[in-house]
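I have placed the structure first, in the form of structure tokens, so that the comments after it can refer back to it.
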Amino acid sequence: MKESTAASRLLKGAFLLGLAAILSKLLGTLQKIPLQNIGGDGVFGIYNTVYPFYTLLVTLATAGFSTAVSKFVAEREADGDERGGRYVLRISAVIMVALGLLGSLLLFFGAPLLGSWIGSTHTIPALRAAAPALLFVPASAALRGYFQGLQNMFPTALSQVIEQAVRVAVMIVLLLYLTSIGAQESGIAGGAMFGSAAGGAAGLAVMLFVWRRHRHRSRTGVQESASGVKEIKEGSSFGTGANPAMGRALLKSLLAYALPICLAALAIPLLGLVDTFTLPRLLADGSRTGTEVMAQIGIYNRGLPLVQLVTMMAASLSVLFIPSMAELKYKGDWPRAANQAGLALRWFWLIGCAASVGLAVLAEPINMMLYKNSEGSDTFAWLAMSAAPATIATISAALLQGLGSVRAPALAMTLAAVLKAALNVLLAPAFGIDGAAAAGIAAYALAAALNMALLVRRLGLAPNLRAALLRPALCLAAMAAAVLLLRLGWAAAGLDGRRLDAAAESLLGVLLGAAVFLAAALRLRLISGAELSALPRVGPQLVLVLDKLRLLPRQA
């Protein structure tokens, strides 16, 4: 009974944490749309140039340590050693706060130097505005790791959502205020970046409130854990009598566990960082001012939120495969592992391809709907095509991590970043932001190919090129043709000049494209009725509707 209660609590916590992660990522992605609408392309460009660098610093200061804290706290909790868990938190908090303070000072006072490295002095106010966030985010990460070690996911989930909500709210308020007083674009971008500091402070405030309540309950002499209620051990190895030698040993263990995770996590923001340090210089060909260069980068980033939504969905769902693959590896059930991996890859390949082609065909009306004009729609379409390889790179990395290959996906993404930098240098001077978008497609394709090659070798997969390329191409062609016919009819009716018309065209195009793609995939047996029926809640009803419409292929 106790084991089932612990498992139930763990599953509920994982679901809560996953839901909070999706919601916070959704807020973080969609906030870029009002940012461009209020601030314009120049502000949008400065923000998107600075944000990857801020993300890198946050990753350096937090990634790995939060996981390490949860691991060591969980070990102390298993021994009923609450004081030991608090000692782990104290040591890790000192490390993370020190790293955050160092990063904040370097970012604030080094902003002019960083701006010269980036190639634009317009980024300096935004770099400085992001610096205070590093005072708050690492401390929050330490506290989140502590409560995760206690298998209490609610504080992490609550603080993540509040952090993002406050960040977006403060960003929008400052954008409205600064634009109303006629501030310069660099100052407006700085106001937008300051939302990260406000959000970080709000997230830390939530965690400190939860910690205070937890400490108050702990003073009663009992601690609730996943397996019931335990008395605190007075003779804790990390209790009041902890000595400097124990502290150094714990510090060494924390660093040994956290640093590899941190290095692997650094691969994620690398592609964005490549654009940060290359595009401002490559686009400054002498005919553009610094403001015009930032406006071009803003236009380049218009399609990024929608591509990120697709990859965010893949990343959120991919975590489901990691424990499953790890369990099958442990059992030595390689045929079943290969089957699950093949199914996941097929589904995400279809989703990524449909998203890429759909966004590319509808690039102009979606651009108008979200950003008030259709400028840069060709670049939007090029950027949309990166959704398919990015999705496969994400899901294949999760499958490899489940099989124990943690470093390989990080190495693949690092090589992809090197390719992105090289192609930016080759393509951006000649083709501008279109060349940079094409470089992104190639970079994600390389990461996906390297991950897939390792998966094929590890699991003995035998890719069916006809099923992977030919039949999906037919589905995509049918979808694209249907959407293009809709767009031609829309233009013939004179309904493509206003933003509201573009919104209606975009939404109808998405619905039509999805319906045609699904119907074609079913007829070509890329998706089976049994797979659709397995979808939670909507699956059985969807199968009934499709069966009545005679879209499901009959079984032989």
Given the options ALA519, GLY494, PRO429, identify the residue whose Cα lies farthest towards the positive end of the charge dipole of segment 302-524 (+1 on Cβ of Lys, Arg; -1 on Cβ of Asp, Glu).
ALA519
Residues ALA530 and TRP334, FRET efficiency given R0 of 30 Å [Cβ-Cβ distance, rounded to 0.05]:
0.85
Give me PHE194, PHE517 ranked fewest to most by other Cβ atoms within 10 Å of their Cβ, as a rough exposure proxy.
PHE194, PHE517
With segment 374-474 reduced to its Cα atoms and the Debye formula applied, log10 I(q)/I(0) at q = 0.18, 0.23 1/Å amounts to -0.90, -1.14
When the chain is fully extended, how far beyond the present Cα-Cα distance does SER116 get from TRP211, taking 0.36 nm per residue of separation?
30.0 nm
If only Cα atoms are counted, what is the Rg of segment 302-524, and what is its Dmax, in Å?
18.8, 62
For the pair ALA491 and ASN37, what calculated FRET efficiency results from E = 1/(1 + (r/R0)^6), where r is the Cβ-Cβ distance and R0 = 22 Å, to the nearest 0.05?
0.35
Separation between the LEU461 and ASP285 pseudo-spin-labels, each 7 Å from Cα along Cα→Cβ, expressed in nm?
4.0
Ranking GLU375, GLU185 by Cβ neighbours within 10 Å, fewest first, what do you get?
GLU375, GLU185
Global geometry of segment 121-181, whether rounded, prolate or oblate, following the gyration tensor of its Cα atoms and the 1.5 cut on a/c
oblate
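Computed from the coordinates by the stated procedures, all read-outs in this text should not be read as laboratory data. These figures come from a predicted structure and were not determined experimentally. Positions of Cβ are backbone-derived with ideal geometry, glycine not excepted, and every protein chain shown enters the neighbour counts.
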